[in-house]
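Visitor: Dumping the structure here so I can ask a few things about it.
The values are calculated or read from the model by the stated rules, or taken from the named source; none is laboratory data. Model, not experiment: these values are computed from the prediction. Neighbour counts run over all protein chains shown; Cβ positions are idealised from the backbone, glycine included. These accessible areas exclude ligands, DNA and RNA; they are computed on the full protein's heavy atoms, side chains included. Shrake-Rupley method; radii C 1.70, N 1.55, O 1.52, S 1.80 Å.
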Amino acid sequence: QVQLVESGGGLVQAGGSLRLSCAASGSINSVNNMGWYRQAPGKQRDLVAAITSGGSTNYVDSVKGRFTISRDNAKNTVYLQMNSLKPEDTAVYYCYANIWIGPGHYNNNYWGQGTQVTVSS
């Protein structure tokens, strides 16, 4: 059994900062890509940022220069530092991790429970 537990969401004024964390635990053999998606009301869930096990990153254009994704491989944890937040960043943020639990299994994507980020104008 694998679990991803998120923390760090909340309410912040425009221009403020938040840091999201997501820790994977359970029967984990290796963690490959990790990242964050977000879903605003009435919209689809979209990729925000992703990071490989080697530390390569990619971002959606709308957050480049404002958000930074990082990870601690020893803790199986991924972070999202969000600066200069805008009202349009308001959404539920979901972390994911591509995990291999061991021989006889394929890699699977696991998801966190979601954390609300609300940016007021």
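Visitor: Could you give log10 I(q)/I(0) at q = 0.14, 0.15, 0.22 Å⁻¹ for the chain, computed by the Debye formula over C-alpha point scatterers of equal weight, without solvent?
Guide: -0.55, -0.63, -1.23
Visitor: Sticking with this one: When the Cα centres of segment 16-41 and segment 97-121 are compared, how far apart do they sit, in Å?
Guide: 6 Å
Visitor: Using the Cβ atoms and a cut-off under 12 Å, what net charge is assigned to the surroundings of Val31, where Lys and Arg are +1 and Asp and Glu are -1? Could you put the intermediate results ahead of the total?
Guide: Working: positive: Arg71, Lys75; negative: Asp72.
Neighbourhood net charge equals +1.
Visitor: Under a GNM of the chain (C-alpha, springs under 10 Å), which listed residue has the highest mean-square fluctuation: Val31, Val60, Val48?
Guide: Among Val31, Val60, Val48, the largest GNM mean-square fluctuation belongs to Val60.
Visitor: Roughly to the nearest percent, how much of the accessible area of the chain is carbon and sulfur, given a 1.4 Å probe? Before the final figure, lay out the partial values.
Guide: Working: 2890 of 6350 Å².
Looking at the chain in its full context, I get 46 percent from C and S.
Visitor: If we restrict to alpha carbons, what Rg and Dmax does segment 19-76 come to, in Å?
Guide: 12.6, 37
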